[in-house]
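Contents: one structure, followed by commentary.
Every read-out reported here was derived from the displayed coordinates using simple, explicitly stated rules and does not represent laboratory data. Keep in mind it's a predicted model, so treat the numbers as computed, not measured. Neighbour counts are summed over all protein chains in view; Cβ atoms, including those assigned to glycine, are modelled from backbone coordinates with ideal geometry.
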Amino acid sequence: MSARGDEIVALIRNPDHRVDVRTAGAEPVVIGALLVLGSAASPYFAERGVPIEAVSRVPFDLWVPAECPLCASGQALADP
Ligand SMILES: [Zn+2]
């Protein structure tokens, strides 16, 4: 980013703090992550106009309880 003349004015770890960044007059431009699990994060942040750059992405299935196919099938919980 600095190569194209942009200046980093803040680094936040909690996405909810982007409001603080905007209040300070800056604009969140990218989410940087070492690892992204699953596919939920990309559309979530895309809707907010902030892409994710990740070193690694790993498929990971996660559902809300009402939509969980394992719960719907009556599958018992197991120790990890
Ligand atoms: Zn479940």
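Among the residues of the stretch 63-76, the one identified as surrounded by 10 or more Cβ atoms within 10 Å (Cβ to Cβ) and either closer than 22 Å to D16 by Cα or among the aromatic types (F, W, Y) (or both) is W63. Among the residues here, R22 does not qualify as under 11 Å from the mean Cα position of the chain (by Cα) and basic (K, R). Looking across the stretch 13-28, the residues that are closer than 19 Å to A54 by Cβ and surrounded by 13 or more Cβ atoms within 10 Å (Cβ to Cβ) come down to P15, R18, P28. Number of residues in the stretch 29-47 that are surrounded by fewer than 11 Cβ atoms within 10 Å (Cβ to Cβ), within 23 Å of W63 (Cβ to Cβ) and over 9 Å from the mean Cα position of the chain (by Cα): the value is 2. Of all residues in the stretch 33-50, none satisfies being under 20 Å from A10 (Cβ atoms) and of a type in the set (D, E).
Going by the conditions given, is V55 among the β-branched types (V, I, T) and either surrounded by 10 or more Cβ atoms within 10 Å (Cβ to Cβ) or in contact with a strand residue (DSSP E or B) (Cβ under 8 Å, 6 or more places away or on another chain) (or both)? Answer is yes for this residue.
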